[in-house]
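Working notes, beginning with the structure itself.
Read the figures in this text as sums done on the coordinates, not as results from a lab. Nothing here was measured: the structure is a model prediction, and the numbers come from that model. Cβ atoms come from the backbone with ideal geometry, glycine included; neighbour counts cover every protein chain shown.
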Amino acid sequence: MSWDPQQLGQQVERTFVITGANSGIGLETARDLVGRGAHVVLAVRDTSRGEAAAARLAGPGSTDVVELDLADLDQVASCSKQLLDTYENLAALICNAGIMGGPLLLSSQGFERQMATNHLGHAALIAALWPLLDGSASRVVLVSSNEGRRGQLSPHTTREQLLNPDPYDGKQVYRNTKQANLLFAQELNRRCAEADSPVTSVAVHPGAAGTNLLARQLERGGHDVLARVSKVVSTVLLRSPALGAFATLRSIDPQTPSGAFVGPTKFGQLRGPPELLDVYPSARDPDTAARLWEITEWVLERPLPI
Ligand SMILES: NC(=O)c1ccc[n+]([C@@H]2O[C@H](COP(=O)([O-])OP(=O)(O)OC[C@H]3O[C@@H](n4cnc5c(N)ncnc54)[C@H](OP(=O)(O)O)[C@@H]3O)[C@@H](O)[C@H]2O)c1
């Protein structure tokens with residue numbers, strides 16, 4: 001029988017941090033959780049847009065908005081400190097924010113911006129929040145994509161290939177970032193089990209949802225008119241961001257085991273209710289995961305805490 005969102009139940013007195021919660025799948029995840037009575041922290045690049053989004057969330061739960069720029073490791077550190085100073089318990093950290101494709105742009109530390117945003121910034125956030133995550137047996141959710149199955153990371157990936165690929169292929173880099181999300185979730189699960197940590201880790205593929213993801217790519221490339229058209233077309237052709245959030249909601253159901261990969265199975269995994277998927281071969285190799293972990297630690301200039 002398919003999973004039904006009702007199975008998640010009420011979430012009163014539980015706190016969730018969602019990155020990129022001002023739009024798309026992150027916003028709809030926040031909306032659902034606030035409706036279940038949760039306290040949701042919207043961790044967003046632009047706090048005025050975050051406040052506007054939070055104001056539109058009705059329900060018995062509550063919200064907080066914090067500034068988070070995943071493409072700036074110093075700012076990730078400031079945001080983490082704010083969260084550690086404010087919260088003692090976290091039900092889940094939902095690493096949802098992401099960018100896709102577009103021209104070559106760099107992060108504040110000079111790394112390719114998709115890898116910096118989608119993977120490195122989230123790894124830094126997880127590392128900095130570790131005392132809170134470990135202390136409250138939190139679930140870490142990494143929002144990946146079925147594009148991750150075509151990622152090309154391997155045990156032989158060099159730092160340059162991961163962080164500053166040349167020649168640059170924006171589409172391939174996006175696939176690599178989503179492979180990295182899935183690899184990282186698997187490795188985190190393995191390491192938590194080995195270390196007897198209560199932290200659990202689940203990866204998600206949301207299916208194809210009509211969000212700002214493509215429009216933002218077109219805007220970064222200077223195609224503002226196409227971006228507006230793409231918003232209309234994707235709203236008509238793709239499923240709603242609320243349906244896209246179903247996989248994330250299933251990922252935080254305690255019935256979903258650590259190490260799972262959750263997503264739809266119909267129409268090439270683009271639609272349908274969230275099921276437990278087989279992890280793509282591209283993300284199953286522990287040596288590739290270990291290589292990603294090693295380069296990530298080099299970027300963060302410290303060992304990851306688990
Ligand atoms: N939509 C789909 O069909 C689909 C399919 C597979 C996977 N996904 C994944 O789903 C996740 C959510 O994407 P979405 O489709 O909901 O797209 P979206 O509407 O564009 O949402 C992406 C969110 O990420 C935020 N973000 C971008 N750069 C950031 C940064 N440097 N620091 C912090 N936040 C940042 C965006 O903030 P701004 O509003 O400020 O830009 C936005 O809130 C992504 O990880 C994406 O890869 C989506």
| remark: Length gained, GLU297-PHE267, 0.36 nm per residue minus C-alpha separation, equals 7.1 nm
| query | Straight-line reach from LYS231: which lysines have Cα under 29 Å away, leaving out those fewer than 8 places along the same chain? | reply | LYS171, LYS178, LYS266
| In whole Hz, what ³J(HN,Hα) sequence does region 85-97 give by Karplus (6.51, -1.76, 1.60; θ = phi - 60°), x for Gly and Pro? | 6, 9, 10, 10, 9, 9, 5, 7, 10, 9, 8, 9, 4
| field | With eigenvalues of the C-alpha gyration tensor scaled by 5 and rooted, region 134-187, Å | value | 24, 13, 9
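Considering only the other residues whose Cβ falls under 13 Å of the Cβ of VAL225, what net charge follows from Lys and Arg at +1 and Asp and Glu at -1? Could the numbers behind the result be given before it?
Working: positive: ARG228, LYS231; negative: GLU219, ASP224.
Value of the local net charge: 0.
Counting other Cβ atoms within 10 Å of each Cβ, which GluC sites (Glu not before Pro) in region 247-306 have at most 16 and sit in a DSSP loop? Present the calculation step by step, with values, prior to reporting the outcome.
Details: sites: GLU275, GLU294, GLU297, GLU301; in loops: GLU301.
Within region 247-306, the qualifying GluC sites (Glu not before Pro) (loop, at most 16 other Cβ atoms within 10 Å) are GLU301.
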| field | region 75-113 residues near the modelled GLN172 label - backbone nitrogen below 18 Å, point 7 Å along Cα→Cβ | value | 100-105, 112-113
| task | Determine ³J(HN,Hα), in whole Hz, for all residues of region 275-286 in sequence, where each value follows from phi through the Karplus function 6.51 cos²θ - 1.76 cosθ + 1.60 and θ = phi - 60°; x replaces Gly and Pro. | result | 10, 7, 8, 5, 5, 4, x, 4, 10, 8, 7, x
| J(HN,Hα) series, region 123-131, from Karplus relation 6.51 cos²θ - 1.76 cosθ + 1.60, nearest Hz, glycine and proline x | 4, 5, 5, 4, 4, 5, 8, 3, x
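Write down the percent of antiparallel bridges among all DSSP beta bridges whose residues are both part of the chain, to the nearest 5.
Details: 4 of 30 bridges.
Here the share of antiparallel DSSP bridges comes out near 15 percent.
Among rounded, prolate and oblate, which fits the chain when a ≥ b ≥ c are the square roots of the eigenvalues of its C-alpha gyration tensor, a/c under 1.5 means rounded, and a/b larger than b/c means prolate?
Details: a/c = 1.23, a/b = 1.06, b/c = 1.15.
Because its axes are fairly even, with a/c under 1.5, the chain counts as rounded.
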| note | Other residues with Cβ under 11 Å from the Cβ of SER107 give, with Lys and Arg +1 and Asp and Glu -1, a net charge of -3
